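Novice: This structure is in structure tokens; I'll ask about it shortly.
Bear in mind these aren't lab numbers, they're just calculated from the coordinates by the rules spelled out. Worth saying up front: this structure is predicted, and the values here are computed from it rather than measured. We place every Cβ from the backbone using ideal geometry, glycine too, and count neighbours over all the protein chains shown.
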Amino acid sequence: MAAEVIVDPTNHFRGRSEHSLDGKGRLNIPTRFREVLRLQYDDRLMVTPWNKCLKVYPVQQWEKMELQLLEHLQDQPDMKKMIRYMIGGVVECPLDKQGRILLPPKLREEGGITKEVVITGVMTYFEILDKETWEADNKPSTADFDSFEISLLKAGLL
């Protein structure tokens with residue numbers, strides 16, 4: 001049984017930044033994300049394609065998620081396709097000494113990644129999105145913010 005990773009809420013992946021892949025497909029990971037890895041995890045990252053992006057997990061978080069996915073597989077057979085896609089498509093991409101990861105061509109293709117990307121923190125993992133995809137699909141509109149506000153009010157957060 002794997003040791004449980006205790007997540008310190010002060011050490012989460014937060015924020016968003018824009019970066020460019022170099023000619024070899026290497027991507028600089030933001031310093032603040034490397035600091036989270038240094039303080040809480042290690043330099044091993046698991047990268048999996050997911051609906052127009054790549055999801056990047058510290059290996060300890062990925063292993064925890066794998067176990068949870070397999071546990072749910074027994075109860076929800078319709079998840080087999082998703083689990084095969086995620087686990088079958090994952091690639092270990094360790095940080096190099098310059099704080100970069102190499103994204104293999106197949107992974108970039110499946111995630112729709114070209115050269116210009118947006119890296120966005122999602123607490124226990126982060127996502128890499130093609131910049132054009134981010135602009136088209138994820139940049140909130142005024143109507144989105146109206147909806148966000150209603151949701152936050154209902155949750156008692158505003």
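Novice: Exactly one condition in (1) among the basic types (K, R); (2) touching a helix residue (DSSP H, G or I) at 6+ places or on another chain (Cβ under 9 Å); (3) more than 22 Å from E35 (Cβ to Cβ) is not met by K55; state its number.
Specialist: Going through (1) among the basic types (K, R); (2) touching a helix residue (DSSP H, G or I) at 6+ places or on another chain (Cβ under 9 Å); (3) more than 22 Å from E35 (Cβ to Cβ) one by one, K55 breaks only (3).
Novice: If I ask for residues that are out of contact with any Asp or Glu (no Cβ under 9 Å at 6 or more places or on another chain) and loosely packed, with under 15 Cβ neighbours inside 10 Å, which ones from the range 17-31 would you list?
Specialist: Residues of the range 17-31 out of contact with any Asp or Glu (no Cβ under 9 Å at 6 or more places or on another chain): 17, 22-25, 27, 29-31.
D22, G23, K24, T31 - these are the residues of the range 17-31 that are out of contact with any Asp or Glu (no Cβ under 9 Å at 6 or more places or on another chain) and loosely packed, with under 15 Cβ neighbours inside 10 Å.
Novice: Considering only residues of the range 64-92 that are of a type in the set (D, E, K, R) and surrounded by 15 or more Cβ atoms within 10 Å (Cβ to Cβ), which is nearest to R108 (Cα to Cα)?
Specialist: Start the filter on the range 64-92 by keeping residues that are of a type in the set (D, E, K, R), which leaves 64, 66, 71, 75, 78, 80-81, 84, 92.
Next, only the ones that are surrounded by 15 or more Cβ atoms within 10 Å (Cβ to Cβ) stay: 64, 66.
Numbers: K64: 24, E66: 22 Å.
Out of the qualifying residues, it is E66.
Novice: Further question: May I ask you to verify whether E35 is free of Cβ contacts under 8 Å to residues at least 40 places away in the same chain and either assigned to a helix (DSSP H, G or I) or in contact with a helix residue (DSSP H, G or I) (Cβ under 8 Å, 6 or more places away or on another chain) (or both)? Steps first, please.
Specialist: Details: free of Cβ contacts under 8 Å to residues at least 40 places away in the same chain: yes; either assigned to a helix (DSSP H, G or I) or in contact with a helix residue (DSSP H, G or I) (Cβ under 8 Å, 6 or more places away or on another chain) (or both): yes.
When the stated conditions are applied, E35 passes them.
Novice: Within the range 93-106, take every residue that is exposed (fewer than 15 other Cβ atoms within 10 Å of the Cβ) and either of a type in the set (A, V, I, L, M, F, W, C) or touching a strand residue (DSSP E or B) at 6+ places or on another chain (Cβ under 9 Å) (or both) and give me the one that is farthest from M65 (Cα to Cα). Spell out how you get there, then give the answer.
Specialist: Within the range 93-106, the first condition is being exposed (fewer than 15 other Cβ atoms within 10 Å of the Cβ), and the residues that meet it are 94, 96-98, 104-106.
Next, from what is left, pick out any that are either of a type in the set (A, V, I, L, M, F, W, C) or touching a strand residue (DSSP E or B) at 6+ places or on another chain (Cβ under 9 Å) (or both): 94, 96, 98, 104, 106.
Working: P94: 18, D96: 24, Q98: 28, P104: 22, K106: 23 Å.
In this case the residue turns out to be Q98.
Novice: On the basis of being surrounded by fewer than 17 Cβ atoms within 10 Å (Cβ to Cβ) and touching a residue at least 12 places away in the same chain (Cβ under 8 Å), does G111 make the cut?
Specialist: Numbers: surrounded by fewer than 17 Cβ atoms within 10 Å (Cβ to Cβ): no; touching a residue at least 12 places away in the same chain (Cβ under 8 Å): yes.
Spelling it out, it is not the case that G111 is surrounded by fewer than 17 Cβ atoms within 10 Å (Cβ to Cβ) and touching a residue at least 12 places away in the same chain (Cβ under 8 Å).
Novice: Please specify each residue of the range 117-150 satisfying the condition of being surrounded by fewer than 15 Cβ atoms within 10 Å (Cβ to Cβ), under 16 Å from N51 (Cβ atoms), hydrophobic (A, V, I, L, M, F, W, C) and in contact (Cβ under 8 Å) with a residue 12 or more places away in the chain.
Specialist: V122
Novice: Residues in the range 72-88: is at least one among the small types (G, A, S), more than 13 Å from I29 (Cβ to Cβ) and in contact (Cβ under 8 Å) with a residue 40 or more places away in the chain?
Specialist: Taking the range 72-88 as the starting set, the residues that turn out to be among the small types (G, A, S) are 88.
Checking which are more than 13 Å from I29 (Cβ to Cβ) leaves us with 88.
If we keep only those that are in contact (Cβ under 8 Å) with a residue 40 or more places away in the chain too, we end up with none.
No, every residue in the range 72-88 fails to be among the small types (G, A, S), more than 13 Å from I29 (Cβ to Cβ) and in contact (Cβ under 8 Å) with a residue 40 or more places away in the chain.
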